[in-house]
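Structure, as structure tokens:
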Ligand SMILES: C[S@@+](CC[C@H](N)C(=O)[O-])C[C@H]1O[C@@H](n2cnc3c(N)ncnc32)[C@H](O)[C@@H]1O
């Protein structure tokens, strides 16, 4: 729905069938970010229950507003006229970004929730590469049209309402430890992961995640950067690698690996990278 660093668009064709393959009545996503995965997944399948979480409250506010007040959210977004034609000013951008970063919990009052959802959306539409911490606005706004977003928001709210949906802004652990679901985890990467998001992921968090998944009763998938530390953390699990094409002819494949090094290559205009996909 909005630009976000680390969004998993290129993995969707691999992830969606793998998640559905688990055949569970409940879906959980502890690191939702821009929602690339769950928004696509819910188009394909109706779960009895859905639990979406991100520790960054501004992001969680947007998803909670889509879920609880889709019509009001569309109306409020429609009022943001200036950036339909031109970017917001640097001062406005800086102030809105500061507010998004300062929000420390999911607002319980409807008007506050809508305010922060709109604020986050406006900021992300103009944030270069979707990296809020870099703090540099692009000169242009992502191409968007109110009717398109209206449709996307209303349709997604419909999908969410067919399931019993919960949106939270907390730590990932409860989503692993309670219940029996299929869980897709997209944590910050091991390399660089602590400089890209307002909520940093420490070495201890990576260990906690590995331990939490090992002890979880749920079926799960986790995507990661290819790194020896990650391979070590998941030496007990089913580790695969997925090649992500940066071209129009996207090809995805899964291969079992013991150890792989990250590879980037340019063959003509096709670049590709590899990502670990680990399951349990
Ligand atoms: C790689 S991004 C997820 C991107 C998402 N899959 C997408 O397609 O946009 C990782 C997310 O983890 C969140 N995060 C960081 N620490 C967390 C924690 N302890 N618990 C839950 N979420 C956390 C960040 O706020 C960030 O949105």
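All conditions in (1) within 15 Å of the ligand (Cβ to nearest atom); (2) assigned by TED's automatic domain parsing to the domain that holds residue 149; (3) more than 22 Å from residue 172 (Cβ to Cβ) hold for residue 101, with the sole exception of (3). For the range 20-38, the candidate set comprises residues that are more than 9 Å from the ligand (Cβ to nearest atom) and in contact with a helix residue (DSSP H, G or I) (Cβ under 9 Å, 6 or more places away or on another chain); within that set, the residue that is modelled with the lowest pLDDT is 20.
Annotation note: Cβ proximity below 6 Å between a residue of the range 205-216 that is surrounded by 14 or more Cβ atoms within 10 Å (Cβ to Cβ) and a residue that is modelled with pLDDT of 95 or more and assigned to a loop (DSSP other than H, G, I, E, B) (sequence gap 6+ or interchain) occurs for 209/187. Taken over the range 171-196, the residue count meeting the criterion of being over 24 Å from residue 103 (Cβ atoms) and outside any loop (DSSP other than H, G, I, E, B) is 5. Filtering 199, 206 for residues that are at pLDDT below 95 and either assigned by TED's automatic domain parsing to the domain that holds residue 220 or not in a helix (DSSP H, G or I) (or both) leaves a single hit, 199. Of all residues being closer than 14 Å to residue 55 by Cα and either buried (at least 21 other Cβ atoms within 10 Å of the Cβ) or free of Cβ contacts under 8 Å to residues at least 40 places away in the same chain (or both) in the range 162-172, which is farthest from the ligand (Cβ to nearest atom)? Just the residue, please. Ranking the candidates gives 167 first. Taking helices (runs of 4 or more DSSP H) as the structural unit, those lying wholly within the range 1-89 and holding at least 2 residues that are under 24 Å from residue 179 (Cα atoms) and in contact (Cβ under 8 Å) with a residue 24 or more places away in the chain correspond to 12-21, 36-44, 57-68.
Quickly run through the range 45-57 and pick out the residues that are modelled with pLDDT of 95 or more and more than 9 Å from the ligand (Cβ to nearest atom). Across the range 45-57, the qualifying residues are 47, 48, 49, 50, 51, 52, 57.
Filtered by the rule that a residue be surrounded by fewer than 21 Cβ atoms within 10 Å (Cβ to Cβ) and near the ligand (Cβ under 9 Å from one of its atoms), the range 173-184 gives a lone residue, 173.
Out of 77, 15, 42, report the one residue that is more than 9 Å from the ligand (Cβ to nearest atom), crowded, with 16+ Cβ neighbours inside 10 Å and assigned by TED's automatic domain parsing to the domain that holds residue 119.
Details: 15 fails: assigned by TED's automatic domain parsing to the domain that holds residue 119; 42 fails: assigned by TED's automatic domain parsing to the domain that holds residue 119.
Just one listed residue meets the conditions, 77.
Would you check if there is a residue in the range 58-66 being at pLDDT below 95 and either surrounded by fewer than 21 Cβ atoms within 10 Å (Cβ to Cβ) or more than 9 Å from the ligand (Cβ to nearest atom) (or both)? Before the answer, list the steps.
Filtering the range 58-66 for residues at pLDDT below 95 gives none.
Within the range 58-66, none of the residues are at pLDDT below 95 and either surrounded by fewer than 21 Cβ atoms within 10 Å (Cβ to Cβ) or more than 9 Å from the ligand (Cβ to nearest atom) (or both).
Give the residue that is farthest from residue 34 (Cα to Cα), with candidates limited to residues of the range 186-218 that are within 9 Å of the ligand (Cβ to nearest atom) and in contact with a strand residue (DSSP E or B) (Cβ under 9 Å, 6 or more places away or on another chain). Among those that are within 9 Å of the ligand (Cβ to nearest atom) and in contact with a strand residue (DSSP E or B) (Cβ under 9 Å, 6 or more places away or on another chain), it is 209.
The values are calculated or read from the model by the stated rules, or taken from the named source; none is laboratory data. It should be emphasised that the depicted structure is a prediction, and the values quoted were computed from it without experimental measurement. Don't worry about glycine lacking a Cβ; one is built from the backbone with ideal geometry, like all the others, and counts go over all protein chains shown.
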